[in-house]
1. How far is the Cα center of region A:65-108 from the Cα center of region A:185-207, in Å?
2. Which trypsin sites (Lys or Arg not before Pro) from region A:152-215 combine a DSSP loop assignment with at most 14 other Cβ atoms within 10 Å?
3. Taking Cα centroids, how far is region A:42-58 from region A:132-152 in Å?
4. Which listed residue (A:W168, A:L149, A:A130) has the Cα farthest towards the positive end of the charge dipole for the protein assembly as shown, taking +1 on Lys and Arg C-beta and -1 on Asp and Glu C-beta about the Cα centre?
5. Taking GluC sites (Glu not before Pro) as exposed when DSSP calls them loop (any state but H, G, I, E, B) and at most 16 other Cβ atoms lie within 10 Å, what is the longest stretch of chain A free of them, the sites themselves excluded?
6. What do you get for Rg/Rh over region A:1-85 if you use C-alpha atoms and the Kirkwood form of Rh?
7. Summing -39500 (n - 2.57) over the DSSP H runs of n ≥ 4 in chain A and dividing by its residue number, what mean residue ellipticity at 222 nm do you reach, to the nearest 500 deg cm²/dmol?
8. At R0 = 35 Å, how high is the FRET efficiency between A:Y170 and A:S209 if r is their beta carbon distance? Nearest 0.05 is fine.
Amino acid sequence: MNIFRFLGDMTHLISILILLLKIYATKSCSGISLKTQELYALVFLARYLDLFTDFISVYNSVMKVVFIASSLAIVWCMRRHRVVRRSYDKELDTFRHYFLVAACLALALLVQEKFTFLEVLWAFSIYLEAVAILPQLVLLQRSGNVDNLTGQYVFFLGAYRAFYILNWIYRYFTETHFSRWISCVSGLVQTALYADFFYYYFISWKNNSKLQLPA
Amino acid sequence: GEAVGVHDEL
């Protein structure tokens, strides 16, 4: 494992911890898209079914369990927690995420490394992860004001994607048989979706002002 | 080389 991959995993983990901290400390999920969280839970469940078939390392297995458990916990809190669910911005979170699921499933059936159950699910999870942030970005755009923790959450998620791209570039040059064009193309699309957010994040950071997205 | 079906990234 190279340093970029490790930093990518760590920023991903930090983003989830920030989200859990926000929900736990403020007992509020305002500004957070339940649809994006549901998509992530689906992404992890579909991709990490290989927990039962392929063993890579203890690190990989532990991280997979952490990602599945935390994403389910977040969805559960937003839907069922007596206090937290009241702060959910339901009227702003109207992105039709089922279309994303259907489109990604169709794409995975057409484009995958091998037409097996696990490979189709794996490709599906990669495609879905690439676009899963869309409902969250739309929600932030609509609400305009972004609270600190929500801003940090999206920032670290974007940083995770950026580190993974560096990781692929590194692997491309250091490993003889590295070709993961499905992950790489999807990863580039996913990171590009953050470009706009990053732009406004850095502006607010530079001006030391509150993060605001244009309507 | 890496076998198809083994995904070592998260």
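Nothing in this text is a laboratory measurement; each read-out follows from the coordinates by a stated rule. Please read these numbers as outputs of a predicted model, since none were measured by experiment. All Cβ positions, glycine included, derive from the backbone under ideal geometry; neighbour counts span all protein chains shown.
1. First find each Cα centre; the distance between them is then 22 Å.
2. Those satisfying the criteria are A:K210.
3. Each part's Cα centre sits 29 Å from the other's.
4. Selected residue: A:L149.
5. Result, exposed sites excluded: A:1-90.
6. Numbers: Rg = 14.0 Å, Rh = 13.8 Å.
Across region A:1-85, the Cα-based Rg/Rh ratio is 1.01.
7. Mean residue ellipticity at 222 nm (helix-derived): -24500 deg cm²/dmol.
8. Plugging the Cβ-Cβ distance into 1/(1 + (r/R0)^6) gives 0.50.
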